[in-house]
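Data block below; observations after.
The values are calculated or read from the model by the stated rules, or taken from the named source; none is laboratory data. Source: prediction; values computed, not measured. Cβ coordinates were reconstructed from backbone atoms using ideal geometry, including for glycine residues, and neighbour counts include every protein chain displayed.
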Amino acid sequence: MTEGARGNVGSGQVTGMMQPIAFVSGIANPFSAVGGGDAERLEQAVRRGPQQLKHQNRAVSASDVEWIVREAEPSVAKVRCLPNRNALLRKDSGRVAVVVLPDGGRNGIAHFPEIKRTVERALKEKLPNLVGSAGRFSVLAPALIEISVSATVYVSSADLIVPVEIDCSGRLDSFLDTMTGQLDGRGWEIGETVHASAFYGLLHSVRGVQSVDKLVLTARVAENGETREIPPDDLKRFPHGIVMGGRHRLNVTMA
């Protein structure tokens, strides 16, 4: 038994032992804990039930693959099936690439190898023989796309500078949150892109903002142990990428 999602504590928070061990004076967790999950909620079961009846444990469509992955490994946060793509994400007829983001986002990537093995076993059994048994599928970690925003925000009064900067920063962080972001609070899906126009409207919605100018997006992609900056217009080249919030630079000044 665990505490579910509450057990996903940060690094350095596990400091006690259930029972003393000879020659061990103390313990600590160097990395954040991930993988703990709460019991399935009613609304989740309502969504999953019809899908399970539809796919009947056979992965025929891309949607079937995604639902089977979720059922096989509850600690999967996001999943996207890319038909006719190989492990390098190049077009390759008859192959399937499955992109999986573990719970915990950036920290959860450290546990991807364990999740990958579980997902591979499930798909090998449930994909068509020509794909599953022949090993013509790949399970991949997503590219993490960090979006940072810089902009000049104009207000009407000096008294508004600090509160508007705080509100704008909070609004950007919330919007770009991988799991709970977007305007609907459902987060970002793998392969979904973001456009500068969305941020103009977002910042204009903050009370006290008169106008927004010089808004620039910066995108940094982290994958395979490397991080590089890319033009925001190139985000569509990353069907396996998922949006995450970066560091924002806001210059709030009087109009």
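Structure notes:
- Number of residues in the stretch 72-112 that are in contact with a Lys or Arg (Cβ under 7 Å, 6 or more places away or on another chain) and outside any strand (DSSP E or B) equals 1.
- Considering (1) at pLDDT below 85; (2) polar (S, T, N, Q); (3) farther than 21 Å from Phe238 by Cα, the lone condition that Thr118 does not fulfil carries the number (1).
- Test: residue in the stretch 125-134 that is closer than 30 Å to Pro83 by Cβ and assigned to a helix (DSSP H, G or I): yes
- Just so you know, in the stretch 153-211 the residues that are more than 30 Å from Ala141 (Cβ to Cβ) and β-branched (Val, Ile, Thr) include one that is surrounded by the most Cβ atoms within 10 Å (Cβ to Cβ), and it is Val153.
- Of the criteria (1) surrounded by fewer than 21 Cβ atoms within 10 Å (Cβ to Cβ); (2) assigned to a helix (DSSP H, G or I), which one Ile115 fails: (1)
- Residue pairs meeting the criteria (Cβ under 8 Å; at least 6 apart or on separate chains; first of a type in the set (Ser, Thr, Tyr), in the stretch 21-32; second at pLDDT below 85): Ser32/Asn8; Ser32/Val9; Ser32/Gly10; Ser32/Ser11; Ser32/Gly104; Ser32/Asn107
- Applying the condition of being surrounded by 11 or more Cβ atoms within 10 Å (Cβ to Cβ) and in a helix (DSSP H, G or I) to the stretch 223-237 and asking which residue is nearest to the chain's Cα centre (by Cα) yields Leu235.
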